[in-house]
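The numbers here are math on the coordinates, done by the rules we state, and not lab data. This is a predicted model, so every value here is computed, not measured. No Cβ is skipped: glycine too gets one built from the backbone with ideal geometry, and neighbour counts run over all protein chains shown.
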Amino acid sequence: MKKKLPRLEHPWLLLLTPTPEILGAFLNLPTALTQSLTYLLVGVAAWANRHLPGIYLVLTGALLNALAVFLHGGMPVDPDALNRAGLERYRDYLAQKGDGFHYLAPAFPLGDWIPLPGRVLSPGDLAIALGLLLTPLLQPKRENLR
């Protein structure tokens, strides 16, 4: 009997993930609402595909980011991390909640506080990225399925 490669379940859920952002732009909905709905869709898609290796990291990252948004009404961005990432030009913009979602505030442990060149990430962002990277890498090879 031949084993099968795990397959992506309900791919249409992933196609729906940008829908809250698009509707929010046209209907002038609060960014915190559209971001929360987007994280919810990512979480549902990840849960439906939890049989794939690495997806639990994606799910964990989405939950961490959703928790940060829920607790803070948006995603806090650490001012020191912003400076270390070379993005100090955005301090005033974020201090005024310029995009309605990100704002300048101490962000540890859930918010954006991890500086990289040109960006500041949250632990949830890193978990999502690592999970998406590991999912295809941890798939069994076809020759190992015989």
Review point. Angle, helix 123-137 long axis vs. longest principal axis of the chain, Cα atoms, 0 to 90°, nearest 10?
Key: 20
Revision key, fill the gap. Checked against the positive end of the charge dipole of the chain (+1 on Cβ of Lys and Arg, -1 on Cβ of Asp and Glu, about the Cα centre), the farthest of 45, 82, 123 is 45
Point to revise | Estimated 222 nm signal from helices in the chain, with DSSP H stretches of n ≥ 4 weighted -39500 (n - 2.57), rounded to 500 | key: -16000 deg cm²/dmol
Revision key, fill the gap. Along the dipole axis of the chain (charges at Cβ: +1 for Lys and Arg, -1 for Asp and Glu; origin at the Cα centre), the most positive-end residue among 36, 24, 63 is 63
Practice item. Report, in degrees rounded to the nearest 10, the 0 to 90 angle that the Cα long axis of helix 31-48 makes with the longest principal axis of the chain. Key: 20
Check your understanding: log₁₀ I(q)/I(0) of the chain at q = 0.10, 0.16, 0.21 Å⁻¹, via Debye over equal Cα point scatterers, no solvent, to two decimals?
Key -> -0.41, -0.89, -1.26
Point to revise | region 46-146 - charge dipole about Cα centre, Lys and Arg +1 at Cβ, Asp and Glu -1, debye rounded to 20 | key: 480
